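Just below is one structure, and these are the notes that go with it.
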Amino acid sequence: MKLGDFEIWPLSDDSFRLDGGQMFGVVPKVLWEKKAPADSRNRILMGLNCVLVRAGGQNVIIETGIGDKFDAKFQGIYDIQKSTTLPAEIKRHGLALEDIDVVINSHLHFDHCGWNTRRDGARVVPTFPRARYYVQHGEWEHALYPTERDRASYIEEFFRAAEPQTEFLEGDQQVIPGIRVEVVAGHNRNIQCVWIESQGQQACFISDLVPTRWHLPYPWIMSFDLYPLETLANKKRLLPQLVERQTLVIFPHDVEMPWATLVECNGKIGAKPVILT
């Protein structure tokens, strides 16, 4: 679809599952299971939503999904489905991996950077050989030396081989004209959302600040978040702006409604689906 002078398209690396209790934190299951039904292992379905932007002659990928560098045990824990993959979605849009100029990761948890790298025989190499990869410097350092609390969220093989092509950002910054990042601490210290702006139109990849539309209520915050009060403050600051500006919002993990605009009704913020053309 058109966004000003840009083209912007949803891509998918299919889906996986995470524990519903972890995904909704202090919210009781009797409330969240009405919106996101759990399977027999208490896991809810999660999309792996990525974005393709064609901007100023450059092809930009935002997020790279969960990839394919995992064993049967990992696949079983997270019920990873692969009816499609990010490389296949890119090809469907008439592009080769070599055509990607920029890759932006909101952060480096395994479900957001899996296709930063791929296996080439016994080696692990960058998936996008010509691209520059962009991530917050603090997030890179933390991903290499995580704490006991979040160590399971980082898999070095998913991102380390792309280090020679990686640009380390320091705070809010423009990546290319019309695409910028904003640090929104909460889920972790250096997570960033990605803003796409052209000709007065705006989209926001909101990342795990709001992983699905069900997380729009201010207190619906994941137990994964290292700094939940900062998540709360950033949601209260950012979501009313997105409503007012009628921004296209892209959720990283919503299976049914990855793209939406936000509306406020009776003091509550909800999501209105966007029809892609």
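The values are calculated or read from the model by the stated rules, or taken from the named source; none is laboratory data. Nothing here was measured: the structure is a model prediction, and the numbers come from that model. Don't worry about glycine lacking a Cβ; one is built from the backbone with ideal geometry, like all the others, and counts go over all protein chains shown. We work out accessible area using only protein heavy atoms, side chains counted, and drop any ligands, DNA or RNA first. Shrake-Rupley method; radii C 1.70, N 1.55, O 1.52, S 1.80 Å.
Summed over segment 250-275, the residues that are in contact (Cβ under 8 Å) with a residue 40 or more places away in the chain, surrounded by fewer than 18 Cβ atoms within 10 Å (Cβ to Cβ) and more than 19 Å from the chain's Cα centre (by Cα) give a count of 2. Return the residues of segment 140-163 that are without any contact (Cβ under 8 Å) to a residue 60 or more places away in the chain and buried (at least 23 other Cβ atoms within 10 Å of the Cβ); say none if nothing qualifies. Across segment 140-163, the qualifying residues are A143, F159, A162. Looking only at segment 107-118, decide whether some residue is open to solvent by less than 20 Å² (accessible area, probe 1.4 Å), in a strand (DSSP E or B) and out of contact with any His (no Cβ under 8 Å at 6 or more places or on another chain). Yes, because at least one residue in segment 107-118 is open to solvent by less than 20 Å² (accessible area, probe 1.4 Å), in a strand (DSSP E or B) and out of contact with any His (no Cβ under 8 Å at 6 or more places or on another chain). Taking each residue of segment 13-25 that is open to solvent by 10 Å² or more (accessible area, probe 1.4 Å) and looking for partners that are in a helix (DSSP H, G or I) with beta-carbon atoms closer than 8 Å, six or more apart or interchain, yields R17/Y78; L18/Y78; G21/K29; G25/P228. Candidates L242, L232: the one that is open to solvent by less than 20 Å² (accessible area, probe 1.4 Å), out of contact with any helix residue (DSSP H, G or I) (no Cβ under 9 Å at 6 or more places or on another chain) and part of a helix (DSSP H, G or I) is L242.
For segment 119-139, a residue qualifies if it is within 19 Å of K69 (Cα to Cα) and open to solvent by 10 Å² or more (accessible area, probe 1.4 Å), and the qualifying residues are R119, D120, G121, A122, R123, V124, V125, P126, P129.
Counting the residues of segment 96-122 that are of a type in the set (D, E, K, R) and in contact (Cβ under 8 Å) with a residue 60 or more places away in the chain gives 1. Considering only residues in segment 168-179 that are in a strand (DSSP E or B) and farther than 12 Å from V53 by Cβ, the one that is least open to solvent (accessible area, probe 1.4 Å) turns out to be L169.
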